[in-house]
1. Considering amide H positions built from the backbone, and no H for Pro or chain starts, which residues 5 or more places from residue 200, or on another chain, come under 5 Å of its amide H?
2. Kirkwood hydrodynamic radius, the range 197-320, all distinct C-alpha pairs: what's the number in Å?
3. Which of 86, 337, 564 comes first, and how do the rest follow, when ranked by fewest Cβ neighbours within 10 Å?
4. How would you order 486-494, 424-432, 545-553 from highest to lowest mean count of nearby Cβ atoms within 10 Å?
5. Please report the projected area of the range 335-449's Cα convex hull averaged over all directions, in nm².
6. Take the cross-link list 469/577; 57/444; 52/222; 222/407 and give me the ones stretching past 22 Å between alpha-carbons.
7. If you find the alpha carbon centre of the range 556-587 and of the range 317-368, how far apart are they in angstrom?
8. For a Förster distance of 60 Å, can you work out the FRET efficiency between the beta-carbons of residue 333 and residue 573, rounded to the nearest 0.05?
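Every read-out reported here was derived from the displayed coordinates using simple, explicitly stated rules and does not represent laboratory data. Here the structure is a predicted model, which means the values were calculated and not measured. Glycine gets a Cβ as well: all are built from the backbone with ideal geometry, and neighbour counts include every protein chain shown.
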Amino acid sequence: MPPEMPDIVGNAPAPAEIRAALERVIASEAFSRSPQLGAFLRFVADATLSGKSDRIKAYTIGVEVLRRDANFDPQLDPIVRVEATRLRRTIERYYAGAGQDDDIVIDLPRGSYVPTFRRRESAIPAAATIGVTQWKARLGGIPMPAVLTGIVAAAVIVIAAIAYMSRPLDVMITGTATRAGASRQSAALPPGNGMPVVIIEPIRVIGTPPQHTVTVDRLQAKIGDAFSRFDTINVSLAAAPIPASEGVAALPRGDYVLSGAIEYADAAATVWFTLSSIAENKVVWSSTFERVQPSGGQGLTEDSVVIALTNSLLQSYGVIRARDRANQLASNAGDPRYRCVLQAADSMRTADLQSHELARACLEHFTALDPSFAVGFAFLAMIYNREFQLEYPAHSGDGPPLDRALKAARQSIALNPEDSRGYLALLIVQFNRRELSAAFSAGKRSVALNRYDMLALGEYGGRLILAGKIEQGMAALQEAGAAETSRPAWHHIYLFIGSYVAGDMAEAIRHAGDIPNDNVALGQVAQVLAAQAAGKPDEARKAIDRLNAIAPAWVSSPRQELARLIPDRTIVERLAKGLAAAGVPGGS
């Protein structure tokens, strides 16, 4: 009877190999500063290996691993989601650094708490070769002509190669990139994703909390959950506050520390927060929130506090980005991928071609160098979109800008399907491609994935306005501005258009006054229309001259240019008639 073929395809790691790999991961430096993450990983891995993966639920993890009481409700307390996000990022850091040569890879797929175990593909060919060698040895015991032996052996090798190449795709991919990409990254870039680390300390409690008030555990969990949804930082939850006497040396590795305290007095809660720079060993931001109410209460609620924190600290105009932009772009300090993000965000604040080209070159370089750079692909999609929107000159060999933008946005989502920024980029690109149904689906997904990102909510609202859904869009933009955020120029343009089309000229004129005089043609259109509505023909004439200087087509063919960016014909006609009344030659 002929010998059996070796089991080349069935090359899954054995339980003993997985347990050894698990111990190696948990003992690593990446996990040493967070025993809670190690306990989380050990719990889900042990349950899976024991055939009890049905026990891996948010409630069980919260109670058995994170020490929540029996009344724990995962729908109200997001601590398990927060810790799972931290765990995934810590696993990524481990396999990008100390574990980059490990044969066994442990992963926690997004959307699930059940881990997966697989053999890294670099270890597979050796196993396949052993099988082929053993089978050749067994062939040697079967009498046959030498030529036939060689042919059969060659066939075995071919079959082994086909079996190897036919393995499922996830066997061929590391946690965040292909092996080739990871090796290029490890050779040229620091480990991890390059974004700064914000350490969130436990909130200190002063006084005794009354019933039905803000609870420190719930507020702490919401802050951790909110911060983890922003892709331009990494979040690390400290096990305990660092005593001031121990200083920076006692801190785990990071860039910033968010410290907080809550004081209960007279049935009210007052919350303080400070942000400290670890490198500079000083407080760089602080804020106080008085008489904070639980969710659903009147006035300032704990949700309002969380939104205020994320918008003050994490947005493109926030404290962290502003400080890092000043420090890193001037000195080339920090991770080059993060500098690309800072450079790209900075280029989007104005319509400056040189800044745009620098940002594009940086993002193209580092997304090629690090194929797992998900946030880089999202920003690259928006950079390409601006080439359509602002009609920047194409490079030699460029495809259509919206085609390139769509590809980059989809790559960002493929790399990180739970990140809201990729869907925001997809909204913007598909809207300009006039794929409106798909665009608004992407916008809804972006807002759902990060309800704390008021800039994304404003972009979604702006697209609703341009599509003729004025009331819905204005409501979204008003909500986005309710947290006292600093609005970007484009949001004022959307608000101007919504107010102008609705006939609220006072509001339209007010929003036009907040639009900077840069090279964005649609912003200059708003200035022309606002001056005409205010009865100031001289100012309208100056605005028309400036519009003609920066974008002559908007003066000679305004309807065509408006229709390129605004899909609703009624809005296009209303704006074109206003331009004609102001004296734009091509507006009539």
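1. Amide H to amide H, under 5 Å and 5 or more residues apart or across chains, residue 200 pairs with 236, 237, 238, 258.
2. Evaluated on the range 197-320, it is 14.9 Å.
3. Details: 86 20, 337 25, 564 15.
Ranked by crowding around the Cβ, least crowded first: 564, 86, 337.
4. By packing density, highest mean first, the sequence is 424-432, 486-494, 545-553.
5. The Cα convex hull of the range 335-449, projected and averaged over all directions, gives 6.7 nm².
6. Violating the 22 Å limit, Cα to Cα: 57/444; 52/222; 222/407.
7. 34
8. Working from the Cβ atoms, E equals 0.70.
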